[in-house]
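Structure first, commentary second.
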Amino acid sequence: MKRKSSNKKLCILGLMIAMAGICHPGARAQGSANLTQFVDPNIGTAHCRWFFYTPGAVPFGMAKPAPATNGHYGNAGGWEAVGYDFRHTSIEGFPNFHEFQIGGIVFAPLTGKLQTVPGTLEDPDSGYRSRFDHKDETATTGYYSVWLKDYRIKAELTATKRVAFHRYTFPEGKDSYILFDIGNRQGESGPVKDAKVYITPEGSVEGFVTTLPVYVQKYQPGAEVTMYFSAVLDKKPVSYGVFRGKEITAGKSEISGKGAGLYLKFATRENEPVTLKAGLSYTSVENARLNLQTEASGLSFDQAKTRAMSTWNDYLGRIRVETPVRENKVKFYTGLYHALLGRGLASDVNGAYPKHDGTVGQIPLDRNNRPLYNHYNTDAVWGAYWNLTQLWALAYPEYYSDFIKSQLLVFKDAGWLGDGIANSRYVSGVGTNFVSLIMAGAYMAGIRDFDVNLAYQAALKNETGWKDRPRGAGKLDVDRFLKYGFVNHIDQSDEWVETWKFSASHTLEYSFSAYAVGQWAKLLGKEQDYKQLMRLSRGWEHLFDTSLRLIRPKYANGKFIDNFKPEEPWRGFQEGNALQYTFFVPHDPQTLIDKIGKDSFNIRLNHIFETSRKNSFGGGTKIDAFSGLAGLYNHGNQPCLHISWLFNFSGKPSLSQKWVRAICDEFYGTEGIHGYGYGQDEDQGQLGAWYVISSMGLFDVKGLTDIHPTMGLGSPLFDKITIRLNRHYYPGRQFVIETKNSSKENIYVQSFDLNGKRLHKPFIPFEAIKKGGKLILEMGDQPKDDY
């Protein structure tokens, strides 16, 4: 894919970032190295989710300005691909909020005839919308620009944490407009309930929109999500007006209700820029103003852009990889970018945050009146223990800590943990709840600067609580898990689908999370809890069919289900099948291997990967989020993400090295269509984070939940990897991984040496990584399994 940026521009960009480092302390440790050049946000944007494409944002930011090619179309189920699609050729506007179940506050520049309804993809001229070419588009970390051909406008985006910056460079004309399309559906927002937009006496444009997202209505019926903004412009309009649909009222400065919108009209010189700064908030217009004043007062667009890119360079620079293979660096840093982009801020600079009941809460402040931590929005953490949380623990423990404190806010406000949250509203996503597991993993990794007693109380309730359990807390069948030791299968029911349809996958998931919290209980001296949870962690064994050597759903009477089809998804298994889920015993892989038989295990699993390779380890080239669900292996979805690492436990680590490398090389791409499989769901950084840790040759199938966690070792794709450690959490300064004789052919590890001492198993204690040091791997072209 060709992009507008050139080598000359990259050199200038590198110089800007180096200069920014003089006054921006985050960049010091990395000198002038420009890692942002290896990030391509356009990768995998064909058929991507609403929150995936926000190049104008900073890491974990609230303000996520981005172009939308089909944002006003919305989506029926609340999760389908919408927003920006690489295959589209026109842009309708620039929304500022992009999170799971959260979208809205659209700004759009145009010239000529005033149009107030978005045009369609099929007929761009039917409304406000402009054609564009990718050759006229620049997308990188913290900055986006595009030439809107029909309007002859250059649109640019950047941001601070809570302030979106838009700069529109207009042609000469008396009919230049900026629309504020506030009261209409956008992306995953769901229907609009109410909205308001107005011009203040000082000339600011402010307002809000309240929406009813599909997943909020599903998991917390009646709840709503509200987004607020306060925007200032550096040019005064010659006139203004409001609109609702195609109905336009000139000279009016305020409008309320569904469909509410406002426009500003300008007379512009040739190439005259108009800059707009919008403070955003989930709590109030007043706090949007405060966010704007605190983060962006006196800050120009170019200064914000330089700062954003410097911040990205610092965050990306926590992990430095060295290789002559540019494609692998692009995959690595683009994956890392997505892992750092998602799950953004929900609290204001003063610590105000949206509470679960719709009111506004307050995060405690330090002596300087700054919040002690932040609150975040998040998609479900289903599968995050095999990618995001391991990455957070390695290089971003301060965010991992913040994330847990944020989840505990919801627990204190609502009484239950929420697997996914949008403005503290429950948006479980898949009806499970792994928050207790990721809290246990943080504690085991040594991240303990949160309220441990409260967190453990929340985790135990998540594993064993069932009475009056709300739908949004997930695990609605946990009472049957406690009763039978497994979740009994029900073939048909009029009840909520997540209470009966996924008995086997829920049993496996609940067993895993029970193990995690059980280990935590043991470390805290909670002996009775430990015994109960460890008994529950063996629940998966009830469903192991020894005749088939597969996991098979079982009725309450102890009989396995009839008419069992191992390749069939959705009957007992959520987003997968028995062939995939049989390997979902990450907390006890050795017992699973023993039950199947070591040789049979290795032969079966190797055959699975040989066969799945023909379909690019997913759904082949079919562009669909759910392609691959009925296959042997589906890397495009969470339940399979640990499977390639299981050979480390079955005496064949060379096969983990082979197949993890193959997945990195073949499932992952560097194109708009072939990025994360073909249109499969990247899930707010999960697939990107998997590539990052796996390409470094590090992975823990247990999600760091052992009392003394270890990371499995594989075959790194890089000559040298340097992980900068956070000294507030870990004693070491950096952990270095070096490979000797690595090449495309030399993919097999011949030896592991940690700080000069030979390792005899393909595992490293997480404690050793935290202390800092060097791991050296000698590589060769022949498999080796005995170290």
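Considering every residue within segment 513-535, establish whether at least one is part of a loop (DSSP other than H, G, I, E, B) and either farther than 24 Å from residue 440 by Cβ or β-branched (Val, Ile, Thr) (or both). Checking segment 513-535: not a single residue is part of a loop (DSSP other than H, G, I, E, B) and either farther than 24 Å from residue 440 by Cβ or β-branched (Val, Ile, Thr) (or both). Out of the residues in segment 92-130 that are β-branched (Val, Ile, Thr) and under 23 Å from the mean Cα position of the chain (by Cα), state the one that is surrounded by the most Cβ atoms within 10 Å (Cβ to Cβ). Out of the qualifying residues, it is 102. Pairs linking a residue in segment 615-627 that is on the phi > 0 side of the Ramachandran plot to a residue that is of a type in the set (D, E, K, R), with Cβ atoms under 6 Å and 6 or more positions apart or on different chains, are 616/666.
Looking at this structure, is residue 193 touching a Leu at 6+ places or on another chain (Cβ under 6 Å), surrounded by fewer than 22 Cβ atoms within 10 Å (Cβ to Cβ) and not in a loop (DSSP other than H, G, I, E, B)? So residue 193 passes the test.
Cβ-Cβ contacts under 6 Å between residues 6 or more apart (or on different chains), taken from a first residue in segment 564-588 that is closer than 14 Å to residue 538 by Cα and at pLDDT 95 or above to a second residue that is hydroxyl-bearing (Ser, Thr, Tyr) and crowded, with 23+ Cβ neighbours inside 10 Å, are listed as 587/515.
Since residue 707 meets every condition but one in (1) buried (at least 22 other Cβ atoms within 10 Å of the Cβ); (2) of a type in the set (A, V, I, L, M, F, W, C); (3) closer than 30 Å to residue 768 by Cα, which condition does it not meet? Checking residue 707 against (1) buried (at least 22 other Cβ atoms within 10 Å of the Cβ); (2) of a type in the set (A, V, I, L, M, F, W, C); (3) closer than 30 Å to residue 768 by Cα, the one that fails is (1).
Is it the case, given these coordinates, that residue 612 is free of Cβ contacts under 8 Å to residues at least 60 places away in the same chain and farther than 22 Å from residue 539 by Cβ?
On the way: free of Cβ contacts under 8 Å to residues at least 60 places away in the same chain: yes; farther than 22 Å from residue 539 by Cβ: yes.
So residue 612 passes the test.
If we scan segment 349-371, do we find a residue that is assigned to a helix (DSSP H, G or I) and touching a strand residue (DSSP E or B) at 6+ places or on another chain (Cβ under 8 Å)? Even if it seems obvious, please write down each step before you answer.
At the first step, the residues of segment 349-371 found to be assigned to a helix (DSSP H, G or I) are none.
No, because not a single residue in segment 349-371 is assigned to a helix (DSSP H, G or I) and touching a strand residue (DSSP E or B) at 6+ places or on another chain (Cβ under 8 Å).
Here is a check on your reading of the model: is residue 603 assigned to a loop (DSSP other than H, G, I, E, B), out of contact with any helix residue (DSSP H, G or I) (no Cβ under 9 Å at 6 or more places or on another chain) and over 28 Å from residue 459 (Cα atoms)? So residue 603 fails the test.
Within segment 673-691, is there a residue that is on the phi > 0 side of the Ramachandran plot and either surrounded by fewer than 21 Cβ atoms within 10 Å (Cβ to Cβ) or basic (Lys, Arg) (or both)? Reasoning before the result, please.
Pass one, segment 673-691, residues on the phi > 0 side of the Ramachandran plot: 677, 679, 683-685.
Checking the rest, the ones that are also either surrounded by fewer than 21 Cβ atoms within 10 Å (Cβ to Cβ) or basic (Lys, Arg) (or both) come to none.
No, segment 673-691 contains no residue that is on the phi > 0 side of the Ramachandran plot and either surrounded by fewer than 21 Cβ atoms within 10 Å (Cβ to Cβ) or basic (Lys, Arg) (or both).
Just so you know, in segment 75-91 the residues that are farther than 18 Å from residue 379 by Cα and polar (S, T, N, Q) include one that is surrounded by the most Cβ atoms within 10 Å (Cβ to Cβ), and it is 90.
Restricting attention to segment 508-535, the residues that are under 30 Å from the mean Cα position of the chain (by Cα) and over 15 Å from residue 430 (Cβ atoms) total 10.
Going through segment 70-101 one residue at a time, which ones are of a type outside the set (A, V, I, L, M, F, W, C) and in contact with a Cys (Cβ under 9 Å, 6 or more places away or on another chain)? If you could, list the steps in order and put the result at the bottom.
Taking segment 70-101 as the starting set, the residues that turn out to be of a type outside the set (A, V, I, L, M, F, W, C) are 70-75, 77-78, 80, 83-85, 87-90, 92-93, 95-96, 98-99, 101.
The answer is 83, 84, 85.
Residues satisfying the criterion are absent from segment 621-636 (criterion: modelled with pLDDT of 95 or more and more than 16 Å from residue 569 (Cβ to Cβ)). Contact map, segment 128-141: residues that are of a type in the set (A, V, I, L, M, F, W, C) paired with residues that are not in a loop (DSSP other than H, G, I, E, B), Cβ distance under 9 Å, separation 6+ or inter-chain. Pairs shown: 132/90; 132/91; 132/146; 132/147; 132/148; 139/145; 139/146. Figure legend. Inter-residue proximity from segment 420-437: first residues at negative phi and assigned to a strand (DSSP E or B), second residues of a type in the set (Ser, Thr, Tyr) and surrounded by 24 or more Cβ atoms within 10 Å (Cβ to Cβ), beta-carbon distance below 7 Å, spacing 6+ or different chains. Indicated pairs: 421/378; 426/219.
Among the residues of segment 372-388, those that are in a helix (DSSP H, G or I) and either over 25 Å from residue 97 (Cβ atoms) or charged (D, E, K, R) (or both) comprise 385, 386. Only residues that are of a type in the set (Val, Ile, Thr) and either in contact with a Cys (Cβ under 6 Å, 6 or more places away or on another chain) or surrounded by fewer than 17 Cβ atoms within 10 Å (Cβ to Cβ) (or both) were counted across segment 221-264, and they come to 3. Among residues belonging to segment 435-480 that are of a type in the set (Phe, Trp, Tyr) and closer than 23 Å to residue 770 by Cα, point out the one that is surrounded by the most Cβ atoms within 10 Å (Cβ to Cβ). Filtering first and then ranking leaves 443. Restricting attention to segment 248-287, the residues that are in a strand (DSSP E or B), in contact (Cβ under 8 Å) with a residue 12 or more places away in the chain and not hydroxyl-bearing (Ser, Thr, Tyr) total 18. Evaluated against (1) assigned to a loop (DSSP other than H, G, I, E, B); (2) touching a residue at least 12 places away in the same chain (Cβ under 8 Å), residue 744 falls short on exactly one condition, (2). Sub-6 Å Cβ pairs linking a first residue in segment 769-787 that is touching a residue at least 12 places away in the same chain (Cβ under 8 Å) and farther than 19 Å from residue 710 by Cβ to a second residue that is loosely packed, with under 15 Cβ neighbours inside 10 Å and acidic (Asp, Glu), at least 6 apart or interchain, are 781/745, ordered by first then second residue. Against the test of being over 22 Å from residue 61 (Cβ atoms) and either in contact (Cβ under 8 Å) with a residue 12 or more places away in the chain or not in a loop (DSSP other than H, G, I, E, B) (or both), the options 329, 405 yield a single qualifying residue, 329. Of 707, 721, all but one fail to be outside any loop (DSSP other than H, G, I, E, B) and either over 15 Å from residue 761 (Cβ atoms) or touching a residue at least 12 places away in the same chain (Cβ under 8 Å) (or both); the exception is 721.
Being closer than 15 Å to residue 180 by Cα and either of a type in the set (A, V, I, L, M, F, W, C) or outside the structural domain of residue 185 (by TED's automatic domain parsing) (or both) is the filter here; which residues of segment 65-112 pass it? Lay out the reasoning, then the answer.
Filtering segment 65-112 down to residues closer than 15 Å to residue 180 by Cα leaves 65-68, 71-72, 92-97, 103-111.
Within segment 65-112, 66, 68, 94, 97, 105, 106, 107, 108, 110 qualify.
Across segment 481-495, the qualifying residues are those that are without any contact (Cβ under 8 Å) to a residue 60 or more places away in the chain and farther than 14 Å from residue 571 by Cβ, and the one among them that is surrounded by the fewest Cβ atoms within 10 Å (Cβ to Cβ) is 494. A Cβ distance below 6 Å, combined with a sequence gap of six or more or placement on separate chains, defines the contacts here; from segment 464-478, residues that are within 10 Å of residue 427 (Cα to Cα) reach residues that are of a type in the set (D, E, K, R) and not in a helix (DSSP H, G or I) in the pairs 474/419. A single member of 406, 424, 401 is out of contact with any strand residue (DSSP E or B) (no Cβ under 8 Å at 6 or more places or on another chain), among the polar types (S, T, N, Q) and not assigned by TED's automatic domain parsing to the domain that holds residue 161, and it is 401.
The values are calculated or read from the model by the stated rules, or taken from the named source; none is laboratory data. A quick note: this is a predicted structure, and the numbers were derived from the prediction, not measured. Every residue, glycine as well, gets a Cβ built from its backbone with ideal geometry; the counts of neighbours run over all protein chains shown.
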